[in-house]
Amino acid sequence: MRLLAVGAATRMQSAPDLPTLTEFGYPSDIRSWWAALVPSATPRPIVDRLNAWFSEVVRTEESKKFLNGIASDPWVSTPDEAQAYFLQEIKSWGEYVKVAKIEPQG
């Protein structure tokens, strides 16, 4: 198997030689990501402290090596940036959910 392109909007650090689908004329920004989520009523100082701990771990060389090894790039963000991205992803994938006729849950 040979990879031809990645779905992320920009080239990946872990595979800089692979072009993006956008470069081939198929605009997309599809990437895998992980997040640590907390209940909405969690006090902001706790959210910020958890974010600092997770960010510290993700910034390590060990984490970068692990993530690059599974075709992922480290991504560190603030809680507000992550929330905005999460909400945008829900909106972006909404049309696919409709096309697939997936019933809303929750």
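Data overview
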| read-out | value |
| --- | --- |
| Number of the exception - ALA82 against (1) of a type outside the set (S, T, N, Q); (2) within 30 Å of PRO104 (Cβ to Cβ); (3) not in a helix (DSSP H, G or I) | (3) |
| Failed criterion for TRP75 (all others in (1) in a loop (DSSP other than H, G, I, E, B); (2) open to solvent by 90 Å² or more (accessible area, probe 1.4 Å); (3) without any contact (Cβ under 8 Å) to a residue 24 or more places away in the chain; (4) hydrophobic (A, V, I, L, M, F, W, C) hold) | (3) |
| Tabulated pairs, region 20-40, first closer than 20 Å to TRP75 by Cα, second of a type in the set (Phe, Trp, Tyr), C-beta under 6 angstrom, 6+ apart or interchain | ALA36/PHE54 |
| Given (1) assigned to a helix (DSSP H, G or I); (2) open to solvent by 50 Å² or more (accessible area, probe 1.4 Å); (3) at pLDDT 90 or above; (4) of a type in the set (Val, Ile, Thr), index of the condition ILE90 fails | (3) |
| Every residue from region 1-23 that is among the aliphatic types (A, V, I, L, M), under 18 Å from ILE70 (Cβ atoms) and open to solvent by 40 Å² or more (accessible area, probe 1.4 Å) | MET1, LEU3 |
| Matching residues, region 54-64, being surrounded by 11 or more Cβ atoms within 10 Å (Cβ to Cβ) and either assigned to a helix (DSSP H, G or I) or in contact with a Leu (Cβ under 9 Å, 6 or more places away or on another chain) (or both) | PHE54, SER55, GLU56, VAL57, VAL58, SER63, LYS64 |
| Hits in region 24-35 (condition: modelled with pLDDT under 90 and either open to solvent by 100 Å² or more (accessible area, probe 1.4 Å) or hydrophobic (A, V, I, L, M, F, W, C) (or both)) | ILE30, ARG31, TRP33, TRP34, ALA35 |
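The values are calculated or read from the model by the stated rules, or taken from the named source; none is laboratory data. Keep in mind that what you see is a predicted model, and the values were worked out from it rather than measured. Glycine gets a Cβ as well: all are built from the backbone with ideal geometry, and neighbour counts include every protein chain shown. Just the protein is used for accessible areas: all its heavy atoms, side chains included, with ligands, DNA and RNA removed. Shrake-Rupley method; radii C 1.70, N 1.55, O 1.52, S 1.80 Å.
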